[in-house]
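Inspection log for the structure reproduced underneath, given as structure tokens.
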Amino acid sequence: MLSVKEPLDLDLRGELQSLARGKVFFDVPMSQHTTFGVGGPADAWVEPENAAELAAILAFCAQKGVARYVVGQGTNLLVKDGGIRGVVLRLRSDVFRAVKVEGTRVTAGAGLSNTKFLEALKSAELSGMEFICGIPGGVGGGVMMNAGAHGGCFADKLAEISVMDADGKIRVIPRNVLQFEYRSLRNMGDAIVLSATFDLQKDARDRIQARAAAMLETRNATQPKGSNPGCVFKNPAGQSAGKIIDTLGLKGLRVGGACVSTVHGNFIMNDRTASSVQVLELIEKVRAEVLARTGIHLETEVKILGD
Ligand code: EPU
């Protein structure tokens with residue numbers, strides 16, 4: 001049995017390669033798969049074709065003691081410079097990006113991007129998810145993070161999710177059992193989200209488009225563009241982390257190539273030269289300064305992975 005932190009050896013790489021049809025890559029720089037643009041290599045990057053392949057890979061990881069992580073579009077992810085020991089799974093095939101509409105109920109695959117999801121909802125003339133307009137990322141990450149903006153979040157219209165457990169079994173979990181909180185979903189254990197089903201309302205396409213466009217306009221006016229993973233810190237109850245950081249004069253604070261955005265205080269920008277260490281150092285500097293001057297402990301919203 002391997003320790004979960006040991007790199008994948010050649011035998012294991014060969015076995016893994018045989019489990020997924022062609023979509024297995026080794027020593028993949030995570031900087032290419034995160035909007036932050038930092039992070040060392042993952043031992044293996046696997047895009048399973050379907051649920052059966054995903055189950056086979058999960059069984060392989062369990063049997064061999066190989067660590068495995070599921071990532072979405074890497075929009076809320078900060079990977080350390082040492083990279084990731086084990087297997088990184090990305091649900092990107094057509095099966096995991098399918099959309100099924102039945103009346104006002106819609107099921108979207110975990111691998112579907114928010115942009116494509118909103119396009120499908122406009123075509124189906126279904127309203128209720130306009131807030132995802134401009135939120136980078138996709139459905140699986142949106143559920144796991146309970147992503148949100150403009151007063152809406154993924155939990156609001158969710159009816160159920162379909163998940164795969166570590167033993168490959170697929171089950172449906174109804175909304176009332178899921179413990180959603182602000183920017184998190186608890187009690188998921190090892191389960192991997194395969195798809196999410198939402199109950200929405202009928203509305204005209206142009207009205208949905210108008211609402212989404214207005215939200216995007218606000219976002220573009222108040223948040224920076226470029227390589228960043230959205231807000232770095234969760235908002236403390238009743239307050240905006242960005243406003244606190246701004247009020248303390250921390251916009252523009254820099255460590256190497258990482259800099260607190262001058263547009264919105266809760267964003268950290270990478271000028272394309274930053275390392276993960278620099279980003280992490282900047283996060284800690286901001287956190288320490290806010291704690292020292294306000295007594296507020298900021299929690300990170302971005303997920304931090306790797307060695
Ligand atoms: N503000 C400042 N300075 C700043 C940033 C904000 O004064 O640098 C002020 C704004 O002027 C406004 C208030 O603070 O009066 C709140 O700002 P904003 O509307 O930008 O909201 P936020 O609480 O900072 C949250 C979410 C965003 C989401 C926006 C819009 C979190 C951590 N952030 O930001 O979500 O897009 O509302 O709905 O919950 C994300 O989760 O990654 C994210 C970016």
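The values are calculated or read from the model by the stated rules, or taken from the named source; none is laboratory data. Only a predicted model underlies this, so the values are computations on that prediction, with no experimental measurement involved. With ideal geometry, Cβ positions are generated from the backbone for all residues, glycine too; neighbour counts draw on all protein chains shown. These accessible areas exclude ligands, DNA and RNA; they are computed on the full protein's heavy atoms, side chains included. Shrake-Rupley method; radii C 1.70, N 1.55, O 1.52, S 1.80 Å.
Tabulated results
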quantity: Two-site FRET efficiency, D206 against E281, from Cβ-Cβ distance with R₀ of 41 Å, rounded to 0.05; calculated: 0.30
quantity: Extension reserve of the T273-D11 stretch, reckoned as 0.36 nm per residue once the Cα distance is removed; calculated: 90.8 nm
quantity: DSSP-assigned coil residues among trypsin sites (Lys or Arg not before Pro) in the range 240-307, each with at most 15 further Cβ atoms within 10 Å; calculated: R272
quantity: Apportionment of accessible area to carbon and sulfur, the chain, percent (1.4 Å); calculated: 52 percent
quantity: Helix-only mean residue ellipticity at 222 nm for the chain, each DSSP H run of n ≥ 4 adding -39500 (n - 2.57), per residue, nearest 500; calculated: -8500 deg cm²/dmol
quantity: Hits among lysines - C-alpha to C-alpha of K169 under 20 Å, sequence gap 8 or more where chains match; calculated: K64
quantity: Rounded to the nearest 20 debye, dipole of the range 92-240 from Cβ charges on Lys, Arg, Asp, Glu; calculated: 180 debye
quantity: Selection from A241, L305, Y182 lying farthest towards where the dipole of the chain points positive, charges on Cβ; calculated: A241
quantity: Linear extension gain, A214 paired with D190, 0.36 nm per residue minus alpha-carbon span; calculated: 4.9 nm
quantity: Inter-part distance where the range 6-57 and the range 207-249 are each reduced to a Cα centre, Å; calculated: 33 Å
quantity: Unit charges at the beta carbon, dipole of the chain: most positive-side option, P41, L12, V290; calculated: V290
quantity: Estimated FRET transfer efficiency (E119, A159; beta-carbon r; R0 25 Å; 0.05); calculated: 0.75
quantity: Filtered chymotrypsin sites (Phe, Trp or Tyr not before Pro), the range 178-253: DSSP coil and at most 13 other beta carbons within 10 Å; calculated: Y182
quantity: Greater than 20 Å apart at Cα, pairs in K80/K251; K234/K303; K234/K285; K243/K285; calculated: K80/K251
quantity: About the Cα centre, charge dipole magnitude for the chain (Lys/Arg +1, Asp/Glu -1 at Cβ), debye; calculated: 600 debye
quantity: Net charge contributed by nearby residues that have their C-beta within less than 12 Å of R175 (K/R +1, D/E -1); calculated: -2
quantity: Cα centre as origin, Lys/Arg/Asp/Glu Cβ charges: the range 1-118 dipole, Debye; calculated: 380 debye
quantity: Accessible solvent surface per residue of the range 1-89, calculated while the other protein chains remain in place, 1.4 angstrom probe, Å²; calculated: 41 Å²
